[in-house]
């Protein structure tokens, strides 16, 4: 994992800041030969000289390490680009020239007052002992020229390469989303407008700033489930491609404009298409491979927002071009016509509750908590067991709760992640209206995708209710003593963090607390856990798509869980449940390892 | 340094600085081609949030909820 390679970066960064001052002195002294920063005083100036001398050595060492990480001990996520070698070579040249110049001047006796504060240069000056003063004068002049030309070249080269991030990364961090990006912007549907992104300048200015700010560090690449299982998607490449496309199309567009600081129009011509298979284009395979798990955004050190960009591209493909994987046709049609992905008749939604005393909300039936069952919880035979377990837990805990029954509609999560914003918009408006009609203030969800959609996406539609995942409520009920646990089976359980529960909504502790209370011991942890959890492969609408390229994502995660030799893999998401069950089937481990929802484990422990 | 050398350095310096700012302006103009989005809200919160300074450390600060476990 890319945990520790920030150390080298911090050395180069802080060295750069210290050396910025002495390089400013160097440039000004080149224009005004008598200029010196010695006016800083007898304490600050020597301190600056000492810091610059020592940091130059540190930076030189950091550059050597950086070069060896690209040329010799290269981790898979680092690309040894020419750009990187040019900048690293340039920095090394500047440091060597700096030491060479200082050493020659000290040897010539020109900087005797400052020499005590330049220990490295003084030490190196001893190497110059065999040379005559005339030779040292020439050498000093050569080092000065190399240093001066190096600095000027650096200035010219900086805006052209990835090291532009020296300038853009800090503003990009400043303008970042102040919380984890959990949603995509709402679209306003008006005649004559285009939807989604098909040209680079249809991104927002912040998206374009993201392109400039990318350091190409590769951290998110190392954590992307699509990239790690051999799919066409490489988040770093998407950002790099976006930048190339902007530089090419934008430069051409700017050439013919006078009001060059105004946003481009939708019909502005472009040379390179943004979506396609050529240079400067993002392929459709890459666009559809994203699980929207958010691992890339979580790992990015400069807060680049990858997922909304890919959703913008999907929106264009779905709503403007009707170009999407054929297996999504059924999903789109079923959800639009029957309000669930399987196309099952809406009255079937409450079938799981038959024979149980469960309140269905109506004008004269009011409850404190709405249990938003969701499509999986209502229709999927395996997930129905979790729904029924939850119903029993809520009833035993004496909770005032009810369901919407056949009035409930899909929350629209897969539609929004897949770019079918038009149908999502309809569902979101209808659901929010329904919640308002019943005066609902508190919603419990079974599925993390419903949780995130109701909590984060519906906020754009005026949804002002409190939404919580069932593990959060169950944890609270246990704390309040309203759930009595008799103790579960003493068997090893491993817990998998769902992306939409953890990364998207910050719920990490509650499922673990519930499992610990139910089983008497903390669950086993996979190497990739918490905010670095590895996606099961079903998010972003991938649940409804074939995975025929590379290795199956669910299989990689299942194997990671199996490596801990658990009796049970515990999940808190119906999608993850399906994926792990598929994984165990592929691994011929059905019967040896079970997959359970946290709620089922709690119900078992309640006796 | 002689006057000619200083003069040559000044010319090269001015050319490099001019080129640098011209390129930066061009990049800024390209960025302005994008659609408007309000990221100027909650400026105090943005300034107060020291996390953006984490850039200097070359590593993001861990999220509090995640870091408390394990």
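Please specify each residue of region A:475-496 satisfying the condition of being touching a strand residue (DSSP E or B) at 6+ places or on another chain (Cβ under 9 Å) and in contact (Cβ under 8 Å) with a residue 40 or more places away in the chain. Spell out how you get there, then give the answer.
Within region A:475-496, the first condition is being touching a strand residue (DSSP E or B) at 6+ places or on another chain (Cβ under 9 Å), and the residues that meet it are A:476, A:489, A:491-496.
Result: A:489, A:491, A:492, A:493, A:494, A:495, A:496.
Out of A:90, A:101, A:108, A:136, report the one residue that is in contact (Cβ under 8 Å) with a residue 60 or more places away in the chain and within 28 Å of residue B:6 (Cβ to Cβ).
Details: A:101 fails: in contact (Cβ under 8 Å) with a residue 60 or more places away in the chain; A:108 fails: in contact (Cβ under 8 Å) with a residue 60 or more places away in the chain; A:136 fails: in contact (Cβ under 8 Å) with a residue 60 or more places away in the chain.
Testing whether each residue is in contact (Cβ under 8 Å) with a residue 60 or more places away in the chain and within 28 Å of residue B:6 (Cβ to Cβ) leaves just A:90.
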Worksheet item: If you go through region A:225-246 one residue at a time, do you hit one that is surrounded by fewer than 23 Cβ atoms within 10 Å (Cβ to Cβ) and within 9 Å of another protein chain (Cβ to nearest Cβ)?
Response: no
Practice prompt. Just name the residue that is surrounded by the fewest Cβ atoms within 10 Å (Cβ to Cβ) out of those in region A:186-213 that are touching a strand residue (DSSP E or B) at 6+ places or on another chain (Cβ under 8 Å) and at the interface with chain B (Cβ under 8 Å from one of its Cβ atoms).
Written response: A:205
Worksheet item: Does region A:249-262 contain at least one residue that is in a loop (DSSP other than H, G, I, E, B), touching a helix residue (DSSP H, G or I) at 6+ places or on another chain (Cβ under 7 Å), at the interface with chain B (Cβ under 9 Å from one of its Cβ atoms) and farther than 12 Å from residue A:290 by Cα?
Response: yes
Discussion item. I'd like to check something: does region A:237-249 contain any residue that is free of Cβ contacts under 8 Å to residues at least 12 places away in the same chain and over 20 Å from residue A:301 (Cβ atoms)?
Written reply: yes
Worksheet entry | Residue in region A:27-43 that is touching a residue at least 60 places away in the same chain (Cβ under 8 Å), under 30 Å from residue B:3 (Cα atoms), surrounded by 16 or more Cβ atoms within 10 Å (Cβ to Cβ) and over 32 Å from the mean Cα position of the chain (by Cα) present | yes
Item to complete: Considering only region A:378-421, state which residues are in a helix (DSSP H, G or I), closer than 23 Å to residue A:437 by Cα and under 33 Å from the mean Cα position of the chain (by Cα).
Response: A:378, A:413
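Confirm whether residue B:30 is assigned to a helix (DSSP H, G or I) and more than 21 Å from the chain's Cα centre (by Cα).
On the way: assigned to a helix (DSSP H, G or I): yes; more than 21 Å from the chain's Cα centre (by Cα): no.
For residue B:30, the condition - assigned to a helix (DSSP H, G or I) and more than 21 Å from the chain's Cα centre (by Cα) - is not met.
Bear in mind that the values in this text are calculations on the coordinates, not laboratory data. Everything numeric here is computed off the predicted structure, so don't read it as measured data. Glycine also receives a Cβ, built like all others from the backbone with ideal geometry; neighbour counts cover every protein chain displayed.
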